[in-house]
Amino acid sequence: MEKVIEIKHLNKSFGNHEVLRDVNFTVNKGEVVCLIGSSGSGKSTLLRCINLLETPTGGEIIYNGENILNDKHDVRKYRTHLGMVFQQFNLFNNHNVLKNCMVGQLKVLKRSKEAAKQNALKYLKTVGMDKYVNAKPKQLSGGQKQRVAIARALAMDPEVMLFDEPTSALDPEMVGEVLKVMRQLADEGNTMLIVTHEMEFAREVSDRIVFMDKGVIVEEGPPEQVLVNPQQERTKEFLKRTLK
Amino acid sequence: MSFDIILSILQENWPSYLRGAYMTLLIAVISTIIGALIGLFIGVMHTIPLRKKSVKSIFLKIINFILTVYVEIFRGTPMIVQAMVVFYGIAAYGYEMDRFVAAVVVVGLNTGAYMAEYVRGGIVSIDKGQYEAAEAIGMGHFQTMIHIILPQVFRNILPATGNQLIMNIKDSAVLSVISVTELFFTTKSIAGANFRFAESYLITCIMYLIMTFVASRILRYVEKRMDGQNAYQVEQRREEQMY
């Protein structure tokens, strides 16, 4: 399998507090990987380290055979290959839906207006938000915002999509619409790395589940193995608490 | 004081009053714009993230120090004194500054000193998520500022800018000390000629009030326009407007 991102011995600490300790793992092309674990286990930090919103304190992140933590590496270019979806959506408040999906294409990828618009519309259609092109973020519900945020990330045509607890800030009745879009993306063969608390969703959609606790990867494997037949004591405990 | 006298003063002097009001408005509007630009510049300079110790960051610190000194001086001294110092100070070097230019410079610099803090506050108050989202799609600091942050800051500082405009309409009266022919100065000459001080200044009072009231209404309207509707009507036709 073709490796897209490989993480080696990644460390991250905030001051004296170690959040990630010697994390090693790989995301392969076309794979859907879910990161699970209790809050504070470092899963969001890991995701944010991958696109360098947090700067790791040690280790390597290998993308396309190059360590992007080298000083020489063009971080901005690297980021365009990763689509990021935030817990709080973070749509650009000053732009409407269409322009939210276009501004990166225009200013970073330097695409033409027409090409950017067509691409944006294509992905807005995918997430079912093409009727809202002129809406401002504040006019949308949480679920709608998150779907636009997914379209915005997709419009950059990234190699990997990163989701940081995409449904955690949503009202319960809106979780479904966002998960549905993500399921569809998974079925289409997108490479996805998802931090989530939705166990049911993780079981259905992922090829591999990574369980983290206290900044280390405790266990990883196919969903049947990690969720149904966990090997590690800490995993069992976590699942007992969350699955009930 | 009688209404007849007011009418006759108006009849005789309305062109002067209007010219004075025009001058006042011109000074207030131009200097508010200049001040807003200065404030924007300083606000942006003050919020550039500093990276470790580099030549750039030392350079930036020096500039920011100078800007802080400017802000403190202009906020900490009366505008009437600033007007005297600027105008007569430059005149002392044998160069007579155009009075109107001097007026705009003084009020503009004064406004800039106040606006700098508003802008800095406006930038700081933008949600961190906006920066992160921009960063995550590969935008640099400059691009993020131009396309994402500053447009939102503009909206945030609009009420403060409006206040500043209203203050400038009123406070430009102090520029009469350097004989700028704005509304107050004009009134002084009118009243000096007809000796009807109360009536002459009452007219001026009403003119100031009209100007500030209209200015505040216009700004309120602009704010509302910028905010738009809270609900979105799904359009059935697929004719979406481009930006």
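The values are calculated or read from the model by the stated rules, or taken from the named source; none is laboratory data. Just so it is clear, the structure is predicted and the values come from calculations on it, not from any experiment. Cβ sites come from the backbone with ideal geometry, for glycine too, and all protein chains shown count toward neighbours. Areas reflect the complete protein model, heavy atoms only, side chains present, ligands, DNA and RNA absent. Shrake-Rupley method; radii C 1.70, N 1.55, O 1.52, S 1.80 Å.
In table form, for the structure just shown:
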| read-out | value |
| --- | --- |
| Where the Cα pairs of the stretch B:3-241 fall when distances are cut into 10 Å bins, in % | 7, 24, 27, 21, 13, 7, 2, 0 |
| For chain A, with +1 on Lys and Arg beta carbons and -1 on Asp and Glu, the positive-most of A:Asn51, A:Ile61, A:Thr126 along the dipole | A:Thr126 |
| Amide H within-cut-off set for A:Met192, under 5 Å, with H built and near neighbours excluded | A:Glu31, A:Val32, A:Val33, A:Met161 |
| Average projection area in nm² (convex hull over Cα atoms of the protein assembly as shown, one quarter of hull surface) | 31.6 |
| Mean ellipticity per residue at 222 nm, deg cm²/dmol - from DSSP H runs of n ≥ 4 across chain B, formula -39500 (n - 2.57) | -26500 deg cm²/dmol |
| Loop-resident sites, the stretch A:6-98, for chymotrypsin sites (Phe, Trp or Tyr not before Pro), counting at most 15 other Cβ within 10 Å (DSSP) | none |
| Accessible area per residue, Å², the stretch B:3-241 with all protein chains present, probe 1.4 Å | 56 |
| Between the stretch A:38-60 and the stretch B:99-130, the alpha-carbon center distance in angstrom | 38 |
| Amide H within-cut-off set for A:Gly59, under 5 Å, with H built and near neighbours excluded | A:Asn11 |
| For chain A, accessible area per residue (1.4 Å probe, heavy atoms of protein chains only), Å² | 43 |
| DSSP beta bridges in the protein assembly as shown [antiparallel fraction, %, rounded to 5] | 55 |
| Accessible area that becomes buried as B packs against A, both chains, 1.4 Å probe, Å², nearest 100 | 3100 |
| The stretch A:79-172 shape via C-alpha gyration tensor axes, a/c threshold 1.5 | oblate |
| Sum of -39500 (n - 2.57) over DSSP H runs of 4+, divided by residues of chain A (222 nm, nearest 500) | -10500 deg cm²/dmol |
| Chain B: relative contact order as a whole-number percent, Cα under 8 Å and 6+ apart | 31 |
| Carbon + sulfur, % of accessible area of the stretch A:3-242 - ligands and nucleic acids excluded, 1.4 Å | 43 |
| Charge dipole magnitude, Cβ of K and R +1, D and E -1 - the protein assembly as shown, Cα centre, debye nearest 20 | 520 |
| Hits among aspartates and glutamates - C-alpha to C-alpha of B:Lys170 under 18 Å, sequence gap 8 or more where chains match | B:Glu182 |
| Kyte-Doolittle mean at least 0.5 and Cα axial length at least 20 Å: DSSP H helices in chain B | B:3-47, B:55-76, B:99-124, B:197-227 |
| Mean separation of Cα contacts under 8 Å, 6 or more apart, over the residue count of chain A: relative contact order % | 26 |
| Qualifying GluC sites (Glu not before Pro) in the stretch B:59-140, DSSP loop, other Cβ atoms within 10 Å at most 10 | B:Glu96 |
| Residues with amide H under 5 Å from that of A:Val19, placed H, sequence gap 5 or more | A:Lys12, A:Ser13, A:Phe14 |
| Candidate lysines for bridging to A:Lys236, where Cα separation is under 30 Å - those fewer than 8 sequence places away on the same chain excluded | A:Lys3, A:Lys8, A:Lys12, A:Lys29, A:Lys43, A:Lys180, A:Lys214, A:Lys244 |
| Centroid-to-centroid separation of the stretch A:115-165 and the stretch B:1-52 [C-alpha atoms, Å] | 44 |
| For the stretch A:3-242, alpha-carbon Rg and Dmax in angstrom | 17.8, 55 |
| Whole-Å distance, taken between Cα centres, linking the stretch B:153-217 and the stretch A:196-244 | 71 |
| Packing-based ranking, highest mean first, of A:128-140, A:97-109 given that Cβ atoms within 10 Å are counted | A:97-109, A:128-140 |
| Residues of the stretch B:131-161 buried by at least 50 Å² on assembly (accessible area, 1.4 Å probe, chain alone as reference) | B:Glu132, B:Ala133, B:Glu135, B:Ala136, B:Ile137, B:Gly138, B:Gln143, B:His147 |
| Taking the stretch B:114-183 and dividing mean pair separation by its residue count, relative contact order in percent (alpha carbons under 8 Å, at least six apart) | 32 |
| Heavy-atom accessible area, 1.4 Å probe, ligands and nucleic acids excluded: residues of the stretch A:72-97 down by at least 30 Å² from chain alone | A:Arg76, A:Arg79, A:Phe86, A:Asn90, A:Phe92, A:Asn93, A:Asn94 |
